[in-house]
1. Take Gly157 and tell me if it is loosely packed, with under 14 Cβ neighbours inside 10 Å and farther than 20 Å from Trp68 by Cα.
2. Quick one: which of Ser36, Ser31 is more than 22 Å from the chain's Cα centre (by Cα), surrounded by 12 or more Cβ atoms within 10 Å (Cβ to Cβ), at pLDDT below 85 and under 25 Å from Asn165 (Cβ atoms)?
3. I'd like to know if the range 113-133 contains one or more residues that are of a type in the set (S, T, N, Q) and within 20 Å of Lys75 (Cβ to Cβ).
4. Quick one: Ile168 ticks every box in (1) surrounded by fewer than 13 Cβ atoms within 10 Å (Cβ to Cβ); (2) in contact with a Ser or Thr (Cβ under 6 Å, 6 or more places away or on another chain) bar one, so which box is it?
5. Looking for whichever is farther than 14 Å from Val139 by Cα, in contact with a helix residue (DSSP H, G or I) (Cβ under 7 Å, 6 or more places away or on another chain) and without any contact (Cβ under 8 Å) to a residue 40 or more places away in the chain here; the options are Lys82, Lys76, Lys87. Which one fits?
6. So which residues in the range 102-126 are of a type outside the set (D, E, K, R), assigned to a strand (DSSP E or B) and within 28 Å of Tyr61 (Cα to Cα), if there are any at all?
7. Being open to solvent by 60 Å² or more (accessible area, probe 1.4 Å), charged (D, E, K, R) and touching a strand residue (DSSP E or B) at 6+ places or on another chain (Cβ under 7 Å) is the filter here; which residues of the range 54-111 pass it?
8. Could you grab the pairs with beta carbons closer than 6 Å, sequence gap of 6+ or different chains, first residue in the range 154-165 and within 12 Å of Lys115 (Cα to Cα), second one open to solvent by 100 Å² or more (accessible area, probe 1.4 Å) and among the aliphatic types (A, V, I, L, M)?
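The values are calculated or read from the model by the stated rules, or taken from the named source; none is laboratory data. From a predicted model like this one, the values you see are computed outputs, not experimental measurements. Counting neighbours? That spans all protein chains shown, and the Cβs are built from the backbone with ideal geometry, glycine included. SASA here: full protein model, heavy atoms, side chains in, ligands and nucleic acids out. Shrake-Rupley method; radii C 1.70, N 1.55, O 1.52, S 1.80 Å.
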Amino acid sequence: MKSSNFMRLTVLVAIFAVIVLSTRVYAEETSPDPSSVHNRLFTESGIVTGFGSGSITEGDYQPILLIWHLGIDLKKLFPELKNHRGKLTFFFEPQVNPVVNPETNIECGIGLGIKYMYPITDRLSPYIMGGVGPHYISVVTTDQANGFIFADTIGTGFYYFITENSAI
């Protein structure tokens, strides 16, 4: 009963966060002054979701990923990057990830990292990224420390731009 209520609360918080964050992103995209986007500290804002699956000694481990990606264009801090076509970004990724198996648990934390993106065409830009950050996990397993851990992430992918400031 206790873990069922915890899971419901986690899902409600996640739904609320997605609604609030989606509203903010929409409001930024419809700003009357498009040049104001370049004057902001955070030049990237997006939501990363997914479903993970892995194995631990106690069984399958299955988190639902709910991550908010916030990026700062480093051209503001390093003037020598201004004429470079690529984009170097420092990012923050706060996250709350409900775990549905082996039993109801939670992961939460923040990732900090660097991402480099280079446009191939006006619409297609590959990227590479890496990050690390403190996290809390509630699952008790013999495979890793319980409670406080550091999570590391590396990745690569592509952005497909739908408009000048919106991509998938």
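1. Working: loosely packed, with under 14 Cβ neighbours inside 10 Å: yes; farther than 20 Å from Trp68 by Cα: no.
Against the criterion (loosely packed, with under 14 Cβ neighbours inside 10 Å and farther than 20 Å from Trp68 by Cα), Gly157 does not qualify.
2. Details: Ser36 fails: surrounded by 12 or more Cβ atoms within 10 Å (Cβ to Cβ).
The unique qualifying residue is Ser31.
3. From the range 113-133, those of a type in the set (S, T, N, Q) are 121, 125; that's our starting set.
Add one more test, that the residue is within 20 Å of Lys75 (Cβ to Cβ), and what stays is 125.
Looking for residues that are of a type in the set (S, T, N, Q) and within 20 Å of Lys75 (Cβ to Cβ), one finds at least one in the range 113-133, hence yes.
4. (2)
5. Lys82
6. Step one: list which residues in the range 102-126 are of a type outside the set (D, E, K, R), which gives 102, 104-106, 108-114, 116-121, 124-126.
When the remaining residues are screened for being assigned to a strand (DSSP E or B), the result is 105-106, 108-114, 116-117, 124-126.
If the condition is that a residue be of a type outside the set (D, E, K, R), assigned to a strand (DSSP E or B) and within 28 Å of Tyr61 (Cα to Cα), then Asn105, Ile106, Cys108, Gly109, Ile110, Gly111, Leu112, Gly113, Ile114 are the ones that fit.
7. Asp60
8. Thr156/Ile128
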